[in-house]
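> Quick one: this structure, given as structure tokens, is what I'll be asking you about.
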Amino acid sequence: MSIWEYANPKKFMGWTAPLVPWLFGLAGACLIVGLVWGFFLTPDDYKQGSTVKIIYLHVPSALMAINAWFMMLIASLIWLVRRHHVSALAAKAAAPVGVVMTLIALFTGAVWGQPMWGTWWAWDPRLTSFLILFLFYLGYIALWAAIEDPDTAADLTSVLCIVGSVFAVLSRYAVNFWNQGLHQGASLSMDKADHVANVFYIPLLVCIAGFVLLFIALVLLRTRTEIRVRRMSALIARTRPTEVTT
Amino acid sequence: MIPDLGKYAGPVLSAYGVAIVLLVGLVVVSIWRARKVKAALEWIEGKRNG
Amino acid sequence: MIALLIRDLRLAVRAGGGFGLGLAFFLIVIVLVPFGVGPEAAVLTRIAPGILWVAALLAALLSLDRIFALDFEDGSLALLATSPLPLEGVALVKALAHWITTGLPLTLAAPVLGFLLNLDGPAYPWLLASLALGTPALSMIGAFGAALTVGLRRGGLLLSLLVLPLYVPTLIFGAEVVRRGAEGMPVTTPLLMLAGITVGGFALLPFAAAAALRVNLR
């Protein structure tokens, strides 16, 4: 039996059914532990004061915003190569989760930047690339929503996802280049976990684990929903002619 | 109970507030839609078989 | 291929629509900008490179949905798909025709409009060079977007939403060339990057566009 067996819709529904509540529980536990630990039990940073606590939301959501797109890219490739419907539906299911993650990363970043950099928004390369990523998500979701035939939609969004990935990487470098010399960029060393002292590091890891688990749980749940929607429309399409004739 | 957040209480609390609202909202919407679709599918399958 | 190109060009000129419209739109946007930001020459000089590029980009966007839509509706695209010319070639030719009818006139008109925005003297050759190098990429990326949305009834708005984020790198490097040119700084790096995007786009995007067309013709 190969690994692709797990991508059969019926099998997928079978093995994910018991998994989803566990994943949600585990994600919730990690998030509660990590966020409570981070919020109540870590000291303030000597430079940033209490705003350092935002890191427990900002870094994990930013991480997942990028990883969600990466997951969609892989799912799209699998769909184009192997034509597994579950794969295409998983990519569709992941996109709104990615949007929310991007929004959280942007919002927490803006809120942190206001007291620290003195501005809600700077056209810093990192911020700008996240905004562009957000636009890519919007286009991807809009294309899914616009096409009625599910297989056509899966094909076209997959192509868009692949081309979009190339351009997203390109934009990242272009943006880096564009902002050189304009503004040095406030030190984002807090973004790199290895720069963070241990007191902050461990609850941050717990939070990241919580976000990852939550992402997996949400994608599985939403993929299951999409599979049911697909089955439902197939059933309706099959029954309608008989209803008309009788 | 709430730790002393100093002068940055507003930004920190709003960041946590908005992020948690967004996450909970996403989870609730996903679960609500999953329930609705599941019920609808069972209804259709029940009608076909019965 | 050449026959198809000539046919497309002839149709674009005869139908009148796309040919003059993009240019007029370009002109209007440029004229509107000083009303928005004020007539101070120094301010206009500073923002001119960016405004010229953004306006050219929007003008190119305007006629994108025509690339495949008409041929898709009257069925000639399906005919082209069965012809010996591969769809990749069709996408390439269509993008080229779009560039000749919009990108090329925009490039030639840009220096004239540069006067209106009080663009710095040394920037003019670079404005021409960057638009000449960059607008083909806009057409090719746009052809890909048009291929994605060709089957949709109201694809125009969606097309802009899909294509505009893809335009970001081209815009950044293109405007950077002009800005550096205006300030007398070396322009080689952004110019090379811009050329790289155009060449890479023309090498790879026809395949993506053709894949999207095949799906839509299914």
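The values are calculated or read from the model by the stated rules, or taken from the named source; none is laboratory data. The model shown is predicted, which means the values in this text are computed figures rather than measured ones. Neighbour counts are summed over all protein chains in view; Cβ atoms, including those assigned to glycine, are modelled from backbone coordinates with ideal geometry.
> Taking region C:181-218 on its own, how many of its residues are more than 23 Å from residue A:173 (Cβ to Cβ), within 11 Å of chain A (Cβ to nearest Cβ) and not in a helix (DSSP H, G or I)?
Total meeting the criteria: 1.
> Could you check region A:50-74 and list, in sequence order, the residues that are β-branched (Val, Ile, Thr) and over 17 Å from residue A:218 (Cα atoms)?
A:51, A:52, A:54, A:55, A:59, A:74, listed by residue number.
> May I pose another question? Please go through (1) more than 16 Å from the chain's Cα centre (by Cα); (2) in contact (Cβ under 8 Å) with a residue 40 or more places away in the chain; (3) within 13 Å of another protein chain (Cβ to nearest Cβ) for residue A:27 and return the number of the only condition it doesn't satisfy.
So residue A:27 meets the others, but not (1).
> How do the pairs read when you match residues in region B:25-50 that are facing another protein chain (nearest Cβ under 7 Å) with residues anywhere that are surrounded by 12 or more Cβ atoms within 10 Å (Cβ to Cβ) and of a type in the set (Ser, Thr, Tyr), using Cβ under 6 Å and keeping only pairs 6 or more apart or on different chains?
These pairs meet every condition: B:33/A:225; B:34/A:225; B:37/A:225.
> Further question on the same structure: Considering only residues that are surrounded by fewer than 24 Cβ atoms within 10 Å (Cβ to Cβ) and hydroxyl-bearing (Ser, Thr, Tyr), which ones fall in region C:102-142?
Across region C:102-142, the qualifying residues are C:107, C:124.
> Are any of the residues in region A:71-89 among the aliphatic types (A, V, I, L, M) and under 17 Å from residue A:27 (Cα atoms)?
Looking for residues that are among the aliphatic types (A, V, I, L, M) and under 17 Å from residue A:27 (Cα atoms), one finds none in region A:71-89, hence no.
> Cβ contacts < 7 Å: first residue under 16 Å from residue A:89 (Cβ atoms) and facing chain B (nearest Cβ under 9 Å), restricted to region A:209-233; second residue among the charged types (D, E, K, R) and buried (at least 21 other Cβ atoms within 10 Å of the Cβ), any location; separation 6+ or different chain. Result?
A:226/A:92
> Oh, and also: Could you list, in sequence order, the residues of region C:18-45 that are surrounded by 15 or more Cβ atoms within 10 Å (Cβ to Cβ) and modelled with pLDDT under 85?
C:18, C:19, C:21, C:22
> With region A:82-187 as the region, which helices (runs of 4 or more DSSP H) entirely inside it contain at least 2 residues that are within 11 Å of chain C (Cβ to nearest Cβ)?
The qualifying helices (runs of 4 or more DSSP H) are A:125-146, A:150-179.
> While we're on this one: Could you tell me which residue of region C:151-171 is surrounded by the most Cβ atoms within 10 Å (Cβ to Cβ), considering only residues that are among the aliphatic types (A, V, I, L, M), within 8 Å of chain A (Cβ to nearest Cβ) and without any contact (Cβ under 8 Å) to a residue 12 or more places away in the chain?
C:168
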